[in-house]
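A.B. asks: Please see the structure below; I have some questions.
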Amino acid sequence: MQNRRNFIKVTAITAALAAAGLTSFSALAADTIKVGILHSLSGTMAISETALKETALMTIDEINAKGGVMGKKLEPVVVDPASNWPLFAEKARQLISQDKVAVVFGCWTSVSRKSVNPVFKELNGLLFYPVQYEGEELEKNVFYTGAAPNQQAIPAVEYLMSKDGGSAKRWVLLGTDYVYPRTTNKILRAFLKAKGVADADIMEEYTPFGHSDYQTIIAKIKKFAGEGKKTAVVSTINGDSNVPFYKELGNAGLKATDVPVVAFSVGEEELRGVDTKPLVGHLAAWNYFESIKNPENTAFIKLYKDWAKKKNLPNADTVVTNDPMEATYIGIHMWAQAVEKAKSTDTDKVIAAMAGQKFKAPDGFEIEMDPKNHHLHKPVFIGEVKADGQFNVVWKTKGPIKAQPWSPYIPGNDKKKDEPDTK
Amino acid sequence: MKHVLVALILACLTLCASAALDPLLVRQLAAEDSDEKIAAIEALAKSGDPEAVAILKQLDEGTLKDEQGEDITINNRVRGKIAEAMAALRLFDPDKGARLVAVKELLANIDPGMAPMLAKAREHEGEPSIKALLDQAYALATIRAADPAARLAAVKALATSGDANVRTLLLDYYWNKTAEPDLAIRRAAFASYLEVQQRIEIADLVGKVFSGLSLGSILLLAALGLAITYGVMGVINMAHGELLMIGAYATYAMQGLFRAHLPGYVDWYVLAAVPVAFFAAATVGILLERTVIRRLYGRPLETLLATWGLSLILIQAARVFFGAQNVEVANPTWMSGGIEVLPSIVLPLNRIVIIGFSLFVLSLVWVLMNKTRVGLFVRAVTQNRPMAGCVGVPTSRVDTLAFGLGAGIAGLGGVALSQIANVGPDMGQGYIVDSFLVVVVGGVGQLAGAVWAALGLGVIAKFLEGWTGAVIAKIAVLVFVIIFIQKRPQGIFALKGRFVEN
Amino acid sequence: MAPHARKFGSLPPTGGAHVSLGRPGGDMTMPNRAPFIIRFFTAMPKTGWLGLSAFAALALVLLPALHLLVPEGNPLHVSGYVITVGGKIMCYAIVAVAMDLIWGYAGILSLGHGLFFALGGYCFGQYLMRQIGHDGAYHADLPDFMVFLDWKSLPWYWVGSDSFAFALIKVLVLPALVALIFGFFAFRSRIKGVYFSIITQALTFAAMLLFFRNETGFGGNNGFTDFKRILGYGITTPGMRVTLFGLSAVALMLTLLLGRYLTTSKFGRVLTAIRDAESRVMFIGYNPLHYKLAIWTLSAMLCGIAGALYVPQVGIINPGEMSAANSIEIAIWVAVGGRATLIGPVIGAAVVNLSKSFFTQAFPDYWLFFLGALFVAVTLWLPDGVVGLWRKLRGSKA
């Protein structure tokens, strides 16, 4: 009969454990500014997000070495939401309400952002989101330092339509089945239609998450390309499936000169996992490439390489920088500038001070936070894969272009305000 | 647009009589505008000068530098033009292989202007296979010739093609009355179209069967080790995927070792990785068996939980040692590229090698299980553990050996996976559900069952995928397995014998 | 199979079997059985009631009061974070008890309970999505993701989703129905042990892929999020949060009462008998199919309820809940707490999730080592979980 008596005791223990678990982390020091870092360090997204955590820590270290912000040191609070979307919301709440962080840098996938958005709204927190995404969103509490579709997808397709890009006439829109590829392809389809491409000349194809067998897809692409006219592939395949896709592409003999593939989720970091020799000439569109030459970028790359050595990261000698890392770097610096300007870490004051904030970024431009729409004005680069895994910039915009979070190619968006709802 | 005309540093050129080449043309290669670059390339190619070929080759490889010592960058369009220009030059190369590559390159971009050159090449060509391709190329170039006889000949010649582009072209040719008023030629075009169409359809089928077999062989390699451990011990090893991962990382490590110390033999690192991966995974497997799984015999459902914990630890260990990012494992040159059955169907070499490798592993396991004393013991324990123990089989040692063997085979699976998919900490997780399905469908402890299940599931998945798309195909296969198990709860090959359940 | 099949059944003798001895609810020889409601409530012993009352006082009075009445900044204030995490863990605890009912008591290990949990969550999520009304990003009649897919009207399986009552009915019925159909075929074919575990895993995996598809009509990978209100009341208000917290606590207590009643009744004893020797139970003349099917369906239904309570508290439901790892983790909560006890799964769910919360912040880079080691250690040295350890300690003292 011990079981029954245990009931009460165990209930008490549970409660005690709960109390211990939840209250052990309360704010300690007041002479630092706490900064939350919310990137998955385990689970499927760790592949991409760990590098962003390192970049954030490095940038914080850099700012601290120069005296911090408002004379206070920044104190990073790193948590691991483990690629689990509900856990993202829980950890966001923990960072804001328990740890009292002034700002959070984090998230990669759209679903993680969607999961934390209500939390930031409710608690009036501040999130910097560093990854290219599908748009269709404008939150008061979020600053988007990655690209909106018009800063990445549309210029890439325009390039492929141009003479230098190969004057593509037929299009394969290939992606992993989730919201970013879906929205991007929806926008691109509308864009292509506006440019006079017929529906029959567009093939849309989706694969499940973690798909690793691209034989059938490649065969389909070949078949489609064999029906005449120059074909190009626009790939929004999610990080993990890219290696099998590109390996299959290389071995199946689809060369970039015949059927170029332009990718929006493949950067230097992803190419580290692939043998790039068969992929020379395939393209990627980003707002930053490691191969861009300017003093800021040289300093940024050196900073990260030194950091990797200092922290003894695995494969420290071969680390690369990429677009989301640059966006993280810009975001943290801009936030620090805004705090200096606002003389406060108060969310509303910082949001006001963020408007029009400028920063000389590693992409070679002095880029600006839009006064209203919480997105950066960013330059667009199109690069071809080189044999060493870097990109060769073959086209770029003259200067930074303004983000359109509400794409004009989606019906109904013309009525949208280009700034967050304030209510 | 400002012309950046810079002198080129061309060390090799200064040796020879560079006077033969127009230096202005060479400079023009560094122009920023692609049109100018292309004009220069075409002019250089026309000269037919071997020096020009050398320069174009450098430009293609990205090693050509301008006056400032910066690499001259080119884009796909320029790259395509270089390939075309070089192909035209190489059509008369003494080397057979070079000529073959050249014709294939040209076939993609034929224009009527090439007809005289192709005719010349056709006359000179002695090799039948290349000549056949040249015939097609010539046909493509003359299909809109003014002479109806030439058009008819061209249309008829194209019947031997297997290229989807040619198929489209022939069909368009048949329908387009204004471009081709002669009905007889249009009919001939349609007849050729049907022939090409049939050839492509057969090739499609071959391609589908091949991709199904390829997927099946990968499933088999992933599941074979599991079939053994599960058969012998009834242990659900959730860390099986991580044993695959260890095999793949062992391959990665061997690649690094070869690159650092035996750069001349880099292509053979895969062969060296086979035993290394086997023993690395087997060692880890034996360690797991000795320390954890051994203590859980008789509690198979709990083994599931413990091995799940082990898998978490192994994944995180990989993350700490090798980084969270995927690592690069390159196909050796003899596994890169593919065999072209038809222009529309290329069977990738890495997949062919893996199918062969899975046969090799399978026969190895078969010999081990059926021709050796250890194999006899393993089978005995699989069928009836207490009885085997009674007649003197050292069951506990057999368990360790079988687990090591299963783990080692998983390691071999990892070598194969490293050649087609990601190598990263999470890679094993993606194969766990599939491997279990193969084992369950095949029947416990049955090698033949695992083989049939793997190949069957692979081929079904691939045929469905062509029809329904990847997501639905995968769901359909899972539902199929669930229904199949209802009908045959013991798998394809159930162990025969008189058992009372419980 | 046969040599091992024995092992699946032979669980170590734990609470389930011997605690039930002599309980009135299951006594077949009693000529006049007491009404169900009385048997239901008398199944729980006095100490159990004490524990439940203490828990009720804590979860229904003390914590809500400290959250609502004590101002923020006061050291006694209980933050919204504690309330949401607490609510989440109670939902997990319900799932763990549901899992224990079939695994601990009936010996069926399901690796598909994430499916039923998610189904319940999706059913209620549909209602929550409709409650957003025109406040979504597109201010449209349809949920945002449908606008985005260019759908013009609600698909048939969304009909009636704006009704709260219908949502509740769906939460109860749909997971149960799926479980009933699947269970009927699986148990009829006498699929058991590891085979059953693996096909439940396959089922859940297939469902996850289906829900990942955007065309399926459940929001694809993003699932449902950005909920605004329930029955017109704002979902992020402290009052609503406390209400959901309280409801979760009540649901957990009712689950425990039900579990107690079932496991001490004749039904429960037949189940344990099936677990220990199914063939013998058949030889005596029982049809295990009915018993297994009943507990399996009930377990799925409990999961559905937990899922429905979980979704408004964490603010998102997406197909990730159906991943293989999540379902395995449910089994782990039960194993850590102690199988075939009712309090064990509750403790297990709390311990594992709190340690996860703690480790992911304290050692973000290494926490998987701790978690993995915990699972290995528990299975190796604590076959009866935390409760078993507690018993052992008490036993050695006495």
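A.B. asks: Please state the relative contact order of chain A as a whole percent: Cα pairs under 8 Å, 6+ residues apart? Before the final figure, lay out each step's value.
C.D. replies: Values: 789 pairs, mean separation 69.6, N = 423.
RCO, chain A: 16 percent.
A.B. asks: Other chains near A:60-67: what is the mean number of their Cβ atoms within 10 Å of each residue's Cβ?
C.D. replies: Counting other chains' Cβ atoms within 10 Å and averaging over A:60-67 gives 0.
A.B. asks: Given a 1.4 angstrom probe, I'd like the percentage of the accessible area of chain C that is carbon and sulfur, rounded to a whole number.
C.D. replies: The C+S portion of the solvent-accessible surface of chain C is 70 percent.
A.B. asks: Heads up, I need the accessible area for residue C:180: 1.4 angstrom probe, whole protein in place, Å², nearest 10.
C.D. replies: Roughly 70 Å² of residue C:180 is accessible to a 1.4 Å probe.
A.B. asks: Local charge sum around residue A:44 (other residues, Cβ-Cβ under 9 Å, Lys/Arg +1, Asp/Glu -1)?
C.D. replies: -2
A.B. asks: Here's another thing I want to ask about it. Taking R0 as 51 Å, what's the FRET efficiency between residue B:67 and residue B:108 from their Cβ-Cβ distance, rounded to 0.05?
C.D. replies: 0.90
A.B. asks: Same structure again: Given B:81/B:156; A:360/B:57; A:415/C:152; A:360/A:417; A:163/A:358; A:163/A:220, which pairs have Cα atoms separated by over 31 Å?
C.D. replies: A:360/B:57; A:163/A:358
A.B. asks: What part of the accessible area of segment B:317-459, given as a whole %, is carbon or sulfur when the probe is 1.4 angstrom?
C.D. replies: Carbon and sulfur atoms account for 70 percent of the accessible area of segment B:317-459.
A.B. asks: Given labels modelled 7 Å from the Cα in the Cβ direction, how far is it in nm from residue B:487 to residue B:54?
C.D. replies: Going from the residue B:487 label point to the residue B:54 one covers 6.9 nm.
A.B. asks: From largest accessible area down, sort C:292, B:474, B:46; use a 1.4 Å probe on the protein chains.
C.D. replies: From most accessible down to least: B:46, B:474, C:292.
A.B. asks: Follow-up. How large is the Rg to Rh ratio of chain B when both quantities use alpha carbon positions and Rh follows Kirkwood?
C.D. replies: Using Cα coordinates only, the ratio equals 1.10.
A.B. asks: Please calculate how many Å² of accessible area segment B:137-191 carries per residue, with a 1.4 Å probe and no DNA, RNA or ligand atoms counted. Can you show the working numbers first?
C.D. replies: On the way: 2640 Å² over 55 residues.
So segment B:137-191 comes to 48 Å² accessible per residue, rounded to a whole number.
A.B. asks: Okay, moving on. State in Å² the accessible area per residue of chain C; use a 1.4 Å probe, count heavy atoms of protein chains only, and round to the nearest integer.
C.D. replies: 36
A.B. asks: Could you tell me which residue out of A:279, C:318, A:141 lies farthest along the dipole of the protein assembly as shown toward its positive end? Charges go on the beta carbon: Lys and Arg +1, Asp and Glu -1, centred on the Cα centre.
C.D. replies: C:318
A.B. asks: Can you list the residues in segment A:89-110 whose accessible area drops by at least 10 Å² when all protein chains are present, compared with the chain alone? Use a 1.4 Å probe, heavy atoms only.
C.D. replies: Listed by number, the residues meeting the 10 Å² cut-off are A:89, A:90, A:91, A:93, A:94, A:97, A:98, A:100.
A.B. asks: Pairing the Cα long axis of helix C:367-381 with the longest principal axis of chain C, what angle in degrees results, from 0 to 90 and rounded to the nearest 10?
C.D. replies: The helix C:367-381 is inclined about 20 degrees to chain C.
A.B. asks: Okay, next question. Between residue B:172 and residue B:129, what length in nm is gained on full extension when 0.36 nm per residue of separation is reduced by their alpha carbon distance?
C.D. replies: Result: 12.8 nm gained on full extension.
A.B. asks: Something else: Using only helices, what value at 222 nm comes out for chain C when you add -39,500 (n - 2.57) per DSSP H run of length 4 or more and divide by the total residues, to the nearest 500 deg cm²/dmol?
C.D. replies: The helix-only estimate for chain C comes to -21500 deg cm²/dmol at 222 nm.
A.B. asks: With the crude spin-label approximation of a point 7 Å out along Cα→Cβ, what separation in nm comes out for residue C:283 versus residue C:153?
C.D. replies: 6.2
A.B. asks: Between chains B and C, what is the buried accessible area in Å², counting both sides, with a 1.4 Å probe and ligands, DNA and RNA left out, to the nearest 100?
C.D. replies: Approximately 4800 Å², summed over both chains.
A.B. asks: Using only atoms on other chains, find how many Cβ atoms lie within 10 Å of each Cβ of peptide C:180-193 and report the average. Walk me through the numbers before you get to the answer.
C.D. replies: Working: counts 0, 0, 2, 0, 0, 4, 4, 0, 1, 5, 3, 6, 3, 5.
Across the residues of C:180-193, the mean count of other-chain Cβ atoms within 10 Å is 2.
A.B. asks: By accessible area of protein heavy atoms, probe 1.4 Å, what ranking do A:333, C:134, B:240 get, highest first?
C.D. replies: C:134, A:333, B:240
A.B. asks: Counting protein heavy atoms only and a 1.4 angstrom probe, how many square angstrom of accessible surface do chains A and C bury in total, to the nearest 100?
C.D. replies: Chain pair A/C: roughly 5500 Å² of buried accessible area.
A.B. asks: Let me know the mean shielding of C:200-209 by other chains, meaning the per-residue number of their Cβ atoms within 10 Å of its Cβ.
C.D. replies: Taking all residues of C:200-209 together, the mean is 6.
A.B. asks: May I ask you to order B:398-407, B:146-155 by the average number of other C-beta atoms within 10 Å around their residues, highest value first?
C.D. replies: So the peptides B:398-407, B:146-155, ranked by packing, come out B:398-407, B:146-155.
A.B. asks: Ok, one more. Distance between the C-alpha centers of segment A:220-234 and segment C:275-300? Whole Å please.
C.D. replies: 58
A.B. asks: Sort C:181-194, C:333-346 by packing, meaning the average of other beta carbons within 10 Å per residue, with the highest value first.
C.D. replies: Result, highest mean Cβ count within 10 Å first: C:333-346, C:181-194.
A.B. asks: If you don't mind, another one. Can you work out the FRET efficiency for the pair residue C:53 and residue B:390, with r the C-beta to C-beta distance and R0 = 45 Å, to the nearest 0.05?
C.D. replies: For residue C:53 and residue B:390, the calculated efficiency is 0.20.
A.B. asks: Okay, next question. Around residue B:63, under 11 Å between beta carbons, what's the net of Lys plus Arg minus Asp minus Glu among the other residues?
C.D. replies: With Lys, Arg at +1 and Asp, Glu at -1, the neighbours total -1.
A.B. asks: Separate question: Between residue B:146 and residue A:413, how high is the FRET efficiency from 1/(1 + (r/R0)^6) when r is the Cβ-Cβ distance and R₀ = 51 Å? Nearest 0.05.
C.D. replies: 0.40
A.B. asks: May I ask for the angle, rounded to the nearest 10°, between helix C:193-212 and the longest principal axis of chain C, with both axes built from Cα atoms and the value confined to 0 to 90°?
C.D. replies: Taking the Cα atoms of chain C, the angle to C:193-212 is about 0 degrees.
A.B. asks: Can I ask one more? Is it possible to state the helix-based mean residue ellipticity at 222 nm for chain B, with each DSSP H run of 4+ residues giving -39500 (n - 2.57), the sum divided by total residues, to the nearest 500 deg cm²/dmol? What is it? Can you show the working numbers first?
C.D. replies: Numbers: 21 runs with 349 residues, N = 502.
Only helices count here, giving -23000 deg cm²/dmol.
A.B. asks: List the residues of segment B:466-492 for which accessible area in the full set of protein chains is at least 50 Å² lower than for the chain on its own; 1.4 Å probe, protein heavy atoms only.
C.D. replies: Buried by the other chains: B:470, B:471, B:475, B:478, B:482, B:486, B:489.
A.B. asks: Collect residues whose amide H, placed 1.01 Å from N in the peptide plane, falls under 5 Å from the amide H of residue A:103; neighbours closer than 5 in sequence don't count.
C.D. replies: The list, which skips near neighbours in sequence, is A:36.
A.B. asks: Zone of residue C:377 (label point 7 Å along Cα→Cβ, backbone N under 15 Å): which residues in segment C:312-340?
C.D. replies: In segment C:312-340, the label zone of residue C:377 (backbone N under 15 Å from the point 7 Å along Cα→Cβ) covers C:336-337.
A.B. asks: If you count, for each residue, the other Cβ atoms within 10 Å and average over each peptide, how do A:300-311, A:216-227, B:338-349 line up from highest to lowest?
C.D. replies: Peptide ranking by packing, descending: A:216-227, B:338-349, A:300-311.
A.B. asks: Over the heavy atoms of residue A:205, what accessible area does a 1.4 Å probe trace out, to the nearest 10 Å²?
C.D. replies: Accessible surface of residue A:205 is approximately 20 Å².
A.B. asks: While we're looking at this one, here's another question. Report the accessible surface area buried between chains B and A, summing both sides, using a 1.4 Å probe on protein heavy atoms only, in Å² rounded to the nearest 100.
C.D. replies: 4200
A.B. asks: How large, in percent, is the carbon and sulfur part of the accessible surface of segment A:259-415 at a probe radius of 1.4 Å? Each step should come with its number before you reach the end.
C.D. replies: Numbers: 3130 of 5780 Å².
Ligands and nucleic acids excluded, carbon and sulfur reach 54 percent.
A.B. asks: Treat each spin label as a single point 7 Å out from the Cα along the C-beta direction, and report the residue A:343 to residue A:190 distance in nm.
C.D. replies: Going from the residue A:343 label point to the residue A:190 one covers 4.5 nm.
The values are calculated or read from the model by the stated rules, or taken from the named source; none is laboratory data. For clarity, every value in this text was computed on a predicted model and none was experimentally measured. Cβ coordinates were reconstructed from backbone atoms using ideal geometry, including for glycine residues, and neighbour counts include every protein chain displayed. With ligands, DNA and RNA removed, areas are computed over all heavy atoms of the protein, side chains included. Shrake-Rupley method; radii C 1.70, N 1.55, O 1.52, S 1.80 Å.
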